[in-house]
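To start, the structure under review is shown below, and the notes come after it.
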Amino acid sequence: VQLQASGGGLVQTGGYLRLSCAASERTSSRYNMRWFRQAPGKEREFVAAVTWSGYTYYADSVKGRFTISTDDSKNMVYLQMNSLKSEDTAVYYCSARRGSPALYRMVDDNTYWGQGTEVTVSS
């Protein structure tokens with residue numbers, strides 16, 4: 001599967017953005033879809049996932065502020081980001097992986113990545 005992320009930009013603290021990820025094929029019932037991010041000087045970290053079985057998971061740092069969703073008719077995955085903080089500044093990556101929903105945050109050779117989209121939150 002090929003993934004194309006978009007929607008990043010510059011936003012003020014407390015603002016919102018919606019990231020989009022376009023997949024080249026149907027992802028529902030096939031892939032666990034995820035968002036990861038990498039801040040400057042830090043390692044890539046898990047942000048949110050929606051499994052092929054329909055469950056959603058979030059990193060503690062974004063829980064209650066971010067929402068992951070899909071539009072299966074368009075092969076799209078979204079990340080609605082509200083109440084943005086400066087610490088949310090990062091390059092955000094869309095990711096897909098087949099396999100058990102329990103492994104929703106696993107990264108290995110079976111992981112597909114889109115190009116990143118940059119989010120900058122200014123105070």
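Annotations for the structure displayed:
- Subset of region 76-106 (residues that are touching a residue at least 24 places away in the same chain (Cβ under 8 Å) and among the hydrophobic types (A, V, I, L, M, F, W, C)): M76, V77, L79, M81, L84, A90, V91, C94, A96, L103
- Members of region 9-24 that are assigned to a loop (DSSP other than H, G, I, E, B) and either under 18 Å from A59 (Cβ atoms) or modelled with pLDDT under 95 (or both): Y16
- The condition of being over 20 Å from A39 (Cβ atoms) and either of a type in the set (D, E) or at pLDDT 95 or above (or both) holds for only one of T111, T89, T117, T67, that being T67.
- Cβ-Cβ under 9 Å pairs, at least 6 apart or on other chains, region 26-37 side closer than 12 Å to V62 by Cβ and touching a residue at least 24 places away in the same chain (Cβ under 8 Å), far side basic (K, R) and open to solvent by 10 Å² or more (accessible area, probe 1.4 Å): F36/R44; F36/R105; R37/R44
- Members of region 4-31 found to be open to solvent by less than 30 Å² (accessible area, probe 1.4 Å) and under 11 Å from the mean Cα position of the chain (by Cα), listed by number: A5, L19, S20, C21
- If you filter region 104-123 down to residues that are over 14 Å from the mean Cα position of the chain (by Cα) and open to solvent by 70 Å² or more (accessible area, probe 1.4 Å), you find that the one that is farthest from Y55 (Cα to Cα) is S123.
- Residues of region 25-47 classified as in a strand (DSSP E or B) and either touching a Cys at 6+ places or on another chain (Cβ under 8 Å) or at positive phi (or both), total: 3
- Residues of region 48-73 classified as free of Cβ contacts under 8 Å to residues at least 12 places away in the same chain, under 24 Å from E25 (Cβ atoms) and not in a strand (DSSP E or B), total: 2
- Among the candidates A49, A39, residue that is among the aliphatic types (A, V, I, L, M) and buried (at least 19 other Cβ atoms within 10 Å of the Cβ): A49
Listed here are the residues, each with its yes/no results for (1) within 15 Å of V119 (Cα to Cα); (2) among the β-branched types (V, I, T).
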site	(1), (2)
V11	yes, yes
A49	no, no
T56	no, yes
D60	no, no
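- When region 68-90 is filtered for residues that are under 22 Å from S123 (Cα atoms) and open to solvent by 40 Å² or more (accessible area, probe 1.4 Å), the ones remaining, listed by number, are Q80, N82, S83, K85, S86, E87.
The values are calculated or read from the model by the stated rules, or taken from the named source; none is laboratory data. Note that the structure is predicted; figures quoted are calculated from it, not measured. In this analysis, Cβ positions are derived from the backbone assuming ideal geometry, glycine residues included, and neighbour counts consider all displayed protein chains. For accessibility, only protein heavy atoms count, side chains too; no ligands or nucleic acids. Shrake-Rupley method; radii C 1.70, N 1.55, O 1.52, S 1.80 Å.
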